[in-house]
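Data first, discussion second: the structure below is written as structure tokens.
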Amino acid sequence: MTETGKTISVNEQALDWLVRTNDPEFQDWDRFTEWLESDSGNADAYHRLAGSEVEVRPLVERAAPRPVEGPGRTRRYAIAAGLAVLAAAAATVLVPRLSPVPYSTGPGEQRTITLAQGDQILMNGDTRLTLAGLDRRTVRLEQGEVLLRLHGSAGDKVHVVSGDLELVDVGTVFDVVREAATTSVTVAEGEVVADPDGARLALRGGSRLDAKDGDTVLRATSVETASIGAWSSGQLSYRSEPLGRVVADLRRSTGIDFVLQPDMGPRQFTGTLAIAEVRRDPQALAPLLGVNMQRSGKRWEIRGGAED
């Protein structure tokens, strides 16, 4: 296939998915995600068409309903009907309104979402989010942790909404954690603006923000950049972090149900933990954290140890 033929094919596939995902009854999100992630060119084509009536128009005009043998027949006519809708929208300079796309991971699972221009969202375990907007660059983090690696142009910013906190990137690498009603943001590179319509707090590399829903004052602190997003390479690194946060990270990253004795949450820990080693032998955490551990079914209970 020629390069031009390949481009046309990718664009037509992207338009196919654009029409299908805009159907309120669409359910095939897993196959759609697989298609997006199978080639960065797929994601580029999809997001480009989603926001460009100029590029959608020639594809719509070239498409025409044609019979297809077997099970594909119904889908082909359904797509053709969708193309007609898009053609009408193009004629009035309207852009189709796309439904948010949900993504999730189970405990201990990781997943990468590829956006246009090579930008990536890495999801840690037990995480739920949706991508919205015509270009899918509005991220609503409902639960869990994401590492965003964004290198888009100034006009391709990503907006992250976590609880009542909004974040806007300025070409950056940053991590966001959502636990209950608290959002934690750490910035490794570049700059993130927190609450762009209010406080406009600029978070630069080495900055951290912990904010509870309803907070009226946002205050940044310092953090070691080497620890930011370390979970994506199999490690968890801490410097004077509360044990409650460490255990929450372990649950999310390993998929193991660790339960911390409530009064031990504020105890601090400094060190680096290998995720694979903890999965292999959870009991090995005891001397590292200075705690006692007891297994109860599939759960590991963490209790006071040598420091008590």
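Is the shape of the range 182-249 best called rounded, prolate or oblate, per the rule: a/c under 1.5 gives rounded, else a/b larger than b/c gives prolate, else oblate, with a ≥ b ≥ c the square roots of the Cα gyration tensor eigenvalues? Here the range 182-249 falls in the oblate category.
When all protein chains stay in place and ligands, DNA and RNA are ignored, the 1.4 Å accessible-area order of 215, 195, largest first, is 215, 195.
Look at the dipole of the range 168-283 built from charges on Cβ: of 193, 240, 227, the Cα furthest out on the positive end belongs to 240.
When 164, 197, 28 are compared by accessible surface with a 1.4 Å probe, the order from highest to lowest is 197, 164, 28. For the range 121-209, the fraction of alpha-carbon pairs lying more than 16 Å apart is 48 percent, rounded to a whole number. Annotation for the range 173-196 versus the range 107-143: alpha-carbon center distance of 14 Å.
Rounded, prolate or oblate: pick one for the range 160-214, where a ≥ b ≥ c are the square roots of the eigenvalues of its C-alpha gyration tensor, a/c under 1.5 means rounded, and failing that, prolate if a/b is larger than b/c, else oblate. It comes out oblate by the Cα gyration axes. Protein heavy-atom accessible surface, 1.4 Å probe, per residue over the range 177-227: 54 Å².
Within the accessible surface of the range 220-277, defined with a 1.4 Å probe on protein heavy atoms only, the carbon and sulfur portion equals 48 percent. Annotation for residue 237 and residue 9: the two label points, set 7 Å from Cα along the Cα-Cβ direction, are 4.3 nm apart. Plugging the Kirkwood radius over Cα pairs into Stokes-Einstein for the range 256-303, at a temperature of 25 °C and a viscosity of 0.890 mPa s, what D comes out in µm²/s? It diffuses with D of about 217 µm²/s by this estimate. For residue 189, the residues whose modelled amide H falls within less than 5 Å of its own, excluding neighbours fewer than 5 places apart on the same chain, are 173. At a probe radius of 1.4 angstrom, the accessible area of the range 245-304 per residue rounds to 52 square angstrom.
The calculated FRET efficiency for residue 261 paired with residue 225, based on their beta-carbon distance and R0 = 41 Å, is about 0.80. About the centre of its Cα atoms, the range 258-308 shows a dipole size close to 280 debye [charges on the beta carbon of Lys, Arg (+1) and Asp, Glu (-1) only; nearest 20 debye].
The values are calculated or read from the model by the stated rules, or taken from the named source; none is laboratory data. All of these numbers come straight from a predicted model, not from anything done at the bench. Cβ: placed from backbone, ideal geometry, glycine included. Neighbour counts: every protein chain shown. With ligands, DNA and RNA removed, areas are computed over all heavy atoms of the protein, side chains included. Shrake-Rupley method; radii C 1.70, N 1.55, O 1.52, S 1.80 Å.
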